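Okay, structure first, notes after.
The values are calculated or read from the model by the stated rules, or taken from the named source; none is laboratory data. Given the structure is predicted, the values throughout are model-derived calculations rather than measurements. Cβ sites come from the backbone with ideal geometry, for glycine too, and all protein chains shown count toward neighbours.
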Amino acid sequence: MALATQQKALGAFYTSEPVARYLVDWAVRGSADTVMDPSCGSGVFVSAAEEALRRLGARKPQVWGIDVDQRALHATRQVAPFATLCHKDFFTIKRGEVPFFSAVVGNPPFIRYQTFNGSRRSEALDRAREAGIELPQLSSSWAPFVVHSSGFLEQGGRLGMVIPVELAHAKYATGVLRLLTRKFGRITVKLFKRKLFPELSEDTLLLLCDEYGNPCSWFGVSPVESIHEIRETDGVSVPADIDAIRSGRFRLTRYLLSRRALHLYEGLSQQEGVARLGAAADVGIGYVTGCNDYFHLSFPETKKWKIKASFLKKALPTLGEFDGIAFGLRDWRRNKDAGKKVFLFSPAISGDRTGPEDIRSYIRFGEGLGIHRHFKCRVRQPWYVVPHVRIADAFLSYMSGGGPKLVANVAHVVAPNTLHIVRFFPPHRTKKWVAGWYTSLTRLSCELEGHPLGGGMLKLEPSEAERVLVALPNNADVAALYKQTDGLLRDVSVSQAADLLDAAILRGRYGLSGTECTTLRDAARQLETWRMHR
């Protein structure tokens, strides 16, 4: 296996020297300290620890390095000749098999759940369970790694790690944070405005956990421009709500905002008429076909296969090129005439599993392509009938480069899981919420409640979307604002639409000044820039 391929399989993305030195200098405080790097890679942490201990007067620095890769250990030996090296998978080592340490530092392997499998996953989840947390099967490798690492600290010890930003938004990360607040007296997160590893799509932060063995009395977030300015931020951090962290309400990006913007945002959240989307709607995923390209057809394709209208449903597979807030039949027909896939193949369930005569040729075509063997298809009977096809009141884009779109479903079309479907209770409130969605307040709220993906995309899970704040217009203004906003957005006048809604809703109903509206808009742009151009 080529070195680069093997490193990727092992999740081995090696840390730069400035990052390693900073973590080691923070964690190592006396000549008698003992240090372990549980995934030592090329040895940058082990080497830095040896040097730090010698500077503090240690004659024989006590430093351990563990790695599953023999070549990595060989590289470590070249830069840290006196370290104790162990060729093992860290997840196979249990408490008591190696000494307890004053400090554990390192960069956990980052292996996504899709490739983090088999016996290694089982051992990792077992180690996490022994440490006091039940992690789900979908956890990435860093989560059990951090949890297991903490178990090798002596009383009062320190844990310094490079961690994916997933720590702040992944569902399973809530349990990790909750466990850390039980085990460490003081925790600080260093959040970087510029990427720590520019060559990787993965965003990372530094996790500094101190006073092992004590319940948490301090959790702070310290925004940092880059690794080169990090020491200037030592001792300067914004306190976080520990209860919010333990309950899963922790949102890391809020600490990038100015106090003025954050105070304004939190004040608006308490106003009557400002509510979270989940207070009025259920947000869920669209139907799952198992193969969108097969189950969605263009008008010419329906003619080619002679599929009758009774076996089709009007569909909207994506909002990508749609710019309004009301998707109507005229918009659907425009997509149809442009040759886009605007139909869902949706025959009624039949006792005859070969399908009605009118569609058997298309079903046989799918079986010739192997569509019936796709996972989502082979687990349903008959395979060609897509379940859970529902007409929503509105659609919400859940991955976007700019702000997520909330669009009323005027055409009564169906949509797959490339979109979120939104059902209001009662449905007649749709226009009011859709019009309110496009203010600067909601744009900022989307940035705070969603989470960044590699490449600068913003993702809103259904639960995150339901937490987004919306400032609702006065009832008398809804019809006019809805129509005007739809027209402005169709003309790609996003800023003019925001101006209109901020003036009518934030200023007109809630009494904000023009300066305060600008503060909200600038804060949203700041977070958007942070995720897109780091």
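Has the range 511-530 got at least one residue that is within 30 Å of residue 330 (Cβ to Cβ), surrounded by fewer than 21 Cβ atoms within 10 Å (Cβ to Cβ) and of a type outside the set (A, V, I, L, M, F, W, C)?
no
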ask   = In this structure, is residue 289 assigned to a loop (DSSP other than H, G, I, E, B) and over 30 Å from residue 484 (Cα atoms)?
value = yes
task = Evaluate the following for residue 177: is it modelled with pLDDT of 90 or more, of a type outside the set (Val, Ile, Thr) and under 17 Å from the mean Cα position of the chain (by Cα)?
result = yes
request  = May I ask you to say which residue of 443, 429 is in contact (Cβ under 8 Å) with a residue 40 or more places away in the chain, over 26 Å from residue 386 (Cα atoms) and out of contact with any helix residue (DSSP H, G or I) (no Cβ under 9 Å at 6 or more places or on another chain)?
outcome  = 429
request  = For residue 236, work out the one condition from (1) within 30 Å of residue 154 (Cβ to Cβ); (2) more than 22 Å from the chain's Cα centre (by Cα); (3) in a helix (DSSP H, G or I); (4) not basic (Lys, Arg) it doesn't fulfil.
outcome  = (3)
ask   = Looking at this structure, is residue 35 touching a residue at least 40 places away in the same chain (Cβ under 8 Å), closer than 18 Å to residue 17 by Cα and of a type outside the set (Gly, Ala, Ser)?
value = yes
key: Residue count for the range 126-143, restricted to those that are closer than 18 Å to residue 167 by Cβ and free of Cβ contacts under 8 Å to residues at least 24 places away in the same chain   = 1
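Matching residues to (1) assigned by TED's automatic domain parsing to the domain that holds residue 455; (2) touching a His at 6+ places or on another chain (Cβ under 6 Å):
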position	(1), (2)
366	no, no
382	no, no
396	yes, yes
403	yes, no
411	yes, no
remark   = Residue set 226, 237, 217, 222; condition crowded, with 17+ Cβ neighbours inside 10 Å, at negative phi, free of Cβ contacts under 8 Å to residues at least 40 places away in the same chain and among the small types (Gly, Ala, Ser); output residue 222
inquiry  = I need the full set of residues from the range 65-101 which are in contact with a Gly (Cβ under 7 Å, 6 or more places away or on another chain), buried (at least 21 other Cβ atoms within 10 Å of the Cβ) and under 15 Å from residue 152 (Cα atoms), in order please.
reply    = 65, 101
Unmet requirement for residue 44, which otherwise passes all of (1) surrounded by fewer than 24 Cβ atoms within 10 Å (Cβ to Cβ); (2) within 32 Å of the chain's Cα centre (by Cα) = (1)
inquiry  = Condition (residue is under 20 Å from residue 129 (Cα atoms), at pLDDT 95 or above, surrounded by fewer than 20 Cβ atoms within 10 Å (Cβ to Cβ) and touching a Phe, Trp or Tyr at 6+ places or on another chain (Cβ under 7 Å)) applied to the range 156-174: is it met by at least one residue?
reply    = no
ask   = Which of the residues spanning the range 436-448 are modelled with pLDDT of 95 or more and aliphatic (A, V, I, L, M)?
value = 441, 444
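Please tell me if residue 502 is more than 20 Å from residue 328 (Cα to Cα), acidic (Asp, Glu), buried (at least 22 other Cβ atoms within 10 Å of the Cβ) and at pLDDT 95 or above.
yes
Take residues that are over 28 Å from the mean Cα position of the chain (by Cα) and of a type outside the set (Val, Ile, Thr) and tell me which of the helices (runs of 4 or more DSSP H) falling wholly in the range 415-533 contain 1 or more.
430-436, 478-490, 494-501, 514-532
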query = Within the range 428-448, is there a residue that is small (Gly, Ala, Ser), farther than 20 Å from residue 525 by Cβ and surrounded by fewer than 23 Cβ atoms within 10 Å (Cβ to Cβ)?
reply = no
request  = Looking for whichever is among the β-branched types (Val, Ile, Thr) and in contact with a helix residue (DSSP H, G or I) (Cβ under 6 Å, 6 or more places away or on another chain) here; the options are 363, 371. Which one fits?
outcome  = 371
